[in-house]
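Engineer: Once you've had a glance at the structure underneath, I'll fire off some questions.
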Amino acid sequence: MDFPLPTCLACPAYLLFEARYAVKQNGVLMKPGERYCLFKKRAVRFRSNDPKSLPPSWCPKRKSPCEVRVYGFKSTEDWYLHEMLCRDLGKEIQPEGWRYYVYSEFPLDMTPRKFWELQKVESLCRLLPSIVSEHWVIEIDDGLKPVYFYKKKNCLEVLQHFDAECAKKNEYEITEDDI
């Protein structure tokens, strides 16, 4: 699996200084043709050996360790509906953020790519300090671009999209079945 890498060119904090003359701006003397990161108060100049489009190792957005969020169903009704749709359609359906809530959050000392490689040979219970049930979603956020994994019966699948913002607003709903 090849994870799409974010680029500095798409970041609003990236600046290619194109003025004709050097100008003192954002706490540094900016020179024509130089690249700068404006994420913090004081601009940081890209070095000549930094990647041309990928974020450098010093990127201030990068999180180390990565943040992990495990999303579970927000109610037994949402779980049951999802299970019945999968069964009736005869296939796995994509998870929808409005059905989930943040079950747990914790730091993880591995990138999404490293996690993907290790999960092929290790069980999830050895890799993560949290329960991950079938049809739950795992988010690994390195600060640059979060990656979402969907837990199927016998494997994980990388999701192209998951509405995590919606899921983060939800809370677990206690129903009569839970009592």
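The values are calculated or read from the model by the stated rules, or taken from the named source; none is laboratory data. Bear in mind the structure is a predicted one, so any value in this text is a computation, not a measurement. Because the Cβ atoms are built from the backbone with ideal geometry, glycine has one as well, and the counts that use them run over all protein chains shown.
Engineer: Please specify each residue of region 1-27 satisfying the condition of being among the hydrophobic types (A, V, I, L, M, F, W, C), surrounded by fewer than 16 Cβ atoms within 10 Å (Cβ to Cβ) and more than 30 Å from W116 (Cβ to Cβ). Give the steps one after another, and end with the answer.
Structural biologist: Residues of region 1-27 that are among the hydrophobic types (A, V, I, L, M, F, W, C), as a first pass: 1, 3, 5, 8-11, 13, 15-17, 19, 22-23.
Adding the requirement that they be surrounded by fewer than 16 Cβ atoms within 10 Å (Cβ to Cβ) leaves 1, 3, 5, 9-10, 13, 16, 19, 22-23.
Those that are among the hydrophobic types (A, V, I, L, M, F, W, C), surrounded by fewer than 16 Cβ atoms within 10 Å (Cβ to Cβ) and more than 30 Å from W116 (Cβ to Cβ): L16, A19, A22, V23.
Engineer: For region 65-80, enumerate the residues that are in contact (Cβ under 8 Å) with a residue 12 or more places away in the chain and not β-branched (V, I, T).
Structural biologist: From region 65-80, those in contact (Cβ under 8 Å) with a residue 12 or more places away in the chain are 65-79; that's our starting set.
Scanning region 65-80 gives P65, C66, E67, R69, Y71, G72, F73, K74, S75, E77, D78, W79.
Engineer: Regarding E67, is this residue out of contact with any Ser or Thr (no Cβ under 8 Å at 6 or more places or on another chain), surrounded by 15 or more Cβ atoms within 10 Å (Cβ to Cβ), at pLDDT below 90 and under 18 Å from V132 (Cβ atoms)? Talk me through it step by step, then tell me what you get.
Structural biologist: On the way: out of contact with any Ser or Thr (no Cβ under 8 Å at 6 or more places or on another chain): yes; surrounded by 15 or more Cβ atoms within 10 Å (Cβ to Cβ): yes; at pLDDT below 90: no; under 18 Å from V132 (Cβ atoms): yes.
Here the answer is no, as E67 does not meet what is asked.
Engineer: Give the residues of region 90-122 that are farther than 20 Å from P6 by Cα, among the basic types (K, R) and either in contact with a His (Cβ under 7 Å, 6 or more places away or on another chain) or surrounded by 13 or more Cβ atoms within 10 Å (Cβ to Cβ) (or both), sorted by residue number.
Structural biologist: Across region 90-122, the qualifying residue is only R99.
Engineer: For residues that are charged (D, E, K, R) and crowded, with 16+ Cβ neighbours inside 10 Å, scanning just region 70-89, find the one that is farthest from D142 (Cα to Cα). Steps first, please.
Structural biologist: Narrowing region 70-89 to residues charged (D, E, K, R): 74, 77-78, 83, 87-88.
Subset that is crowded, with 16+ Cβ neighbours inside 10 Å: 74, 78.
Numbers: K74: 25, D78: 29 Å.
That would be D78.
Engineer: On to the next question. Quick test of your reading of the structure: K63 fulfils all but one of (1) touching a strand residue (DSSP E or B) at 6+ places or on another chain (Cβ under 8 Å); (2) over 30 Å from L127 (Cα atoms). Name the failing condition by number.
Structural biologist: The number of the failed condition is (2).
Engineer: In region 105-127, what residues are among the aliphatic types (A, V, I, L, M) and touching a Cys at 6+ places or on another chain (Cβ under 9 Å)?
Structural biologist: Narrowing region 105-127 to residues among the aliphatic types (A, V, I, L, M): 108, 110, 118, 121, 124, 127.
L108, M110, listed by residue number.
Engineer: Being without any contact (Cβ under 8 Å) to a residue 40 or more places away in the chain and within 30 Å of A167 (Cβ to Cβ) is the requirement here; does F3 meet it? Step through it out loud before you land on a result.
Structural biologist: Numbers: without any contact (Cβ under 8 Å) to a residue 40 or more places away in the chain: no; within 30 Å of A167 (Cβ to Cβ): yes.
So F3 does not fit the description; no.
Engineer: Let me ask something else. Counting just the residues of region 128-165 that are β-branched (V, I, T) and either crowded, with 16+ Cβ neighbours inside 10 Å or in a strand (DSSP E or B) (or both), which one comes out farthest from the chain's Cα centre (by Cα)? Before the answer, list the steps.
Structural biologist: Residues of region 128-165 β-branched (V, I, T): 131-132, 137-138, 140, 147, 158.
Remaining after also requiring either crowded, with 16+ Cβ neighbours inside 10 Å or in a strand (DSSP E or B) (or both): 132, 137-138, 140, 147, 158.
Numbers: V132: 17, V137: 11, I138: 9, I140: 5, V147: 4, V158: 11 Å.
Top of the filtered list is V132.
Engineer: Somewhere in region 96-104, is a residue in a helix (DSSP H, G or I) and either more than 16 Å from the chain's Cα centre (by Cα) or over 21 Å from F162 (Cα atoms) (or both)?
Structural biologist: The initial filter retains those residues of region 96-104 that are in a helix (DSSP H, G or I), namely 97-99.
If we keep only those that are either more than 16 Å from the chain's Cα centre (by Cα) or over 21 Å from F162 (Cα atoms) (or both) too, we end up with 98-99.
Within region 96-104 (the criterion being in a helix (DSSP H, G or I) and either more than 16 Å from the chain's Cα centre (by Cα) or over 21 Å from F162 (Cα atoms) (or both)), the answer is yes, since at least one residue qualifies.
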